[in-house]
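Q: Structure in C-alpha cells, see below.
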Amino acid sequence: MARFNLLAAHVFGGVKVRGGKNIVDTLANAQPGDVIVGTLTSASVTPSMNPLDAAASTLKNNSPYASVAVPGGPSGRDSID
C-alpha cells in the first residue's frame, strides 16, 4: 500500500534504484515503471524518500525521519542507473 518517489539512489537487496524512480511495497499497488520493494517498513524509510500516498506517509511518520523535510529533488548523480 505504500508508494514513494526516491530523491536519491537507494539499494534494496542488492538492486540499485536511481533517484527519480518510484518504489512500491506490493505488485498490487504498482503502476507502470514502479520498482517493487517488498521490504518497505518504517525502519527502511530514508530522508530522501518522498511519500506518494497515505500508507507511505504513515511509514515516514513512524520512522526516525518523521520531522525531516524531503529534499527538493534528485541530483544528476543520483538519477543515473
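Where a number appears in this text, it was derived from the coordinates with a stated rule and is not lab data. Note that this is a predicted model, so its numbers are computed, not measured. All Cβ positions, glycine included, derive from the backbone under ideal geometry; neighbour counts span all protein chains shown.
Q: Considering only the chain, what is the antiparallel percent among its DSSP beta bridges, to the nearest 5?
A: 80 percent
Q: What distance in nm separates the two pseudo spin-label positions at Val70 and Thr58, each 7 Å out from Cα along the beta-carbon direction?
A: Label at Val70, label at Thr58, 1.8 nm between them.
Q: If I model a spin label as a point 7 Å beyond the Cα along the Cα-Cβ vector, how far apart are those points for Asn29 and Val15 in nm?
A: 1.5 nm
Q: Here's another thing I want to ask about it. Nearest 500 deg cm²/dmol is fine: what mean residue ellipticity at 222 nm does the chain get from its DSSP H runs of n ≥ 4 alone, each adding -39,500 (n - 2.57), divided by its residue count?
A: -2500 deg cm²/dmol
Q: Compute the relative contact order of the chain as a whole-number percentage, counting only Cα pairs closer than 8 Å that sit 6 or more residues apart in sequence.
A: Here the relative contact order equals 38 percent.
Q: Next question. Would you list Met1, Met49 from fewest to most Cβ contacts within 10 Å?
A: Met1, Met49
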